[in-house]
Amino acid sequence: MKTNIDPLQPESFYHIYNRGINGENIFKEERNYSYFLQRYAHHIEPFAETYAYCLLKNHFHILIKTRSEDNIRGFLAEQPTLQKDGVLLSKHQNKSIEWIYGNAFASFFKSYAISINKAYNRTGSLFEESFRRILVDNDDYFTELIYYIHHNPQKHGFVKDFKEYPHSSYHSHLHTAMTKLKRDDVINWFGNRNEFERFHLGNQNLDNLDKFLIEFD
């Protein structure tokens, strides 16, 4: 496990996170949260699966698994006319898989930043730097990270009880409505819904996460 800015690799789990430049809020009002997720689904869903997320005023955390290279190249080959931000996706077929992952996230952040700048009459960068990523390469870290992501609003004092916070994936994992989250995988990882809830209500030590300095946490 390591914090890095190395290229994302296929079929790997990553903790993706970043914050607003100089700690600025990236979510200015309530509607921004849903727009962020819409942009995320548009740009990232074809290239990565999402296991957990939490959006706070000035930063976010997301747990993803990158899709396989064959899956992504097959997707691109089937999109001869599909465009994202005016660029034909099929033109990306011959790029390296690392470039494709990086471009997807860069396009996502650029798209969201442009919209925020336009809506709130601001200019310049919205996010602090290239997004951070930590490779999740063992089971304990995966388990603790899901807990950490969902508890983040309580950790930062946004709410007294993380279950009250509306902009994380915690409740989506417990509901039965349609979702793009890997809900079944997460619930089965903990055993069942009751065990998922029980783990979140415990006072976890997060020994694996303590090995990493998450800069703004």
Listed residues Pro46, Phe162, Tyr148: farthest to the positive end of the dipole of the chain (Cβ charges) = Pro46
Cα centre as origin, Lys/Arg/Asp/Glu Cβ charges: the range 104-184 dipole, Debye | 480 debye
DSSP loop GluC sites (Glu not before Pro) in the range 128-197 with at most 15 other Cβ atoms within 10 Å of their Cβ, which ones?
-> Glu129
Under the Karplus relation with 6.51, -1.76 and 1.60 and θ = phi - 60°, whole-Hz ³J(HN,Hα) for the range 150-158, x at Gly and Pro, equal 6, 7, 4, x, 6, 4, 8, x, 6
Asp185 versus Lys28, label points 7 Å from Cα toward the beta carbon: distance in nm?
-> 3.5 nm
Stretched fully, the stretch from Arg193 through Asn94 gains (0.36 nm per residue minus C-alpha distance, one decimal, in nm) 31.4 nm
Angle between the Cα long axis of helix 30-44 and the longest principal axis of the chain, 0 to 90 degrees, nearest 10?
-> 60 degrees
Helix 97-120 vs. the chain, principal-axis angle (Cα, 0 to 90°, nearest 10) | 80 degrees
Kirkwood Rh in Å, taken over the range 117-208 so that all alpha-carbon pairs contribute = 15.4 Å
Measure off 7 Å from each Cα along the Cα-to-Cβ vector at Leu174 and Glu129, then give the distance between these two points in nanometres to one decimal.
-> 3.8 nm
Placed amide H near Leu56: partners under 5 Å, 5+ positions off or other chain = His61
What nm distance separates the two modelled labels at Asn103 and Asp140, each placed 7 Å from Cα along Cα→Cβ?
-> 4.0 nm
The chain, Rg to Rh (Cα coordinates; Rh as Kirkwood inverse mean 1/r) = 0.95
For the chain, which longest stretch is free of loop sites, where a loop site is one of the trypsin sites (Lys or Arg not before Pro) that DSSP puts outside H, G, I, E and B and that has at most 11 other Cβ atoms within 10 Å?
-> 3-159
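None of the figures in this text is laboratory data; all of them are computed from the coordinates on show. As the structure is a prediction and not an experimental result, all values here were calculated from the model. Cβ sites come from the backbone with ideal geometry, for glycine too, and all protein chains shown count toward neighbours.
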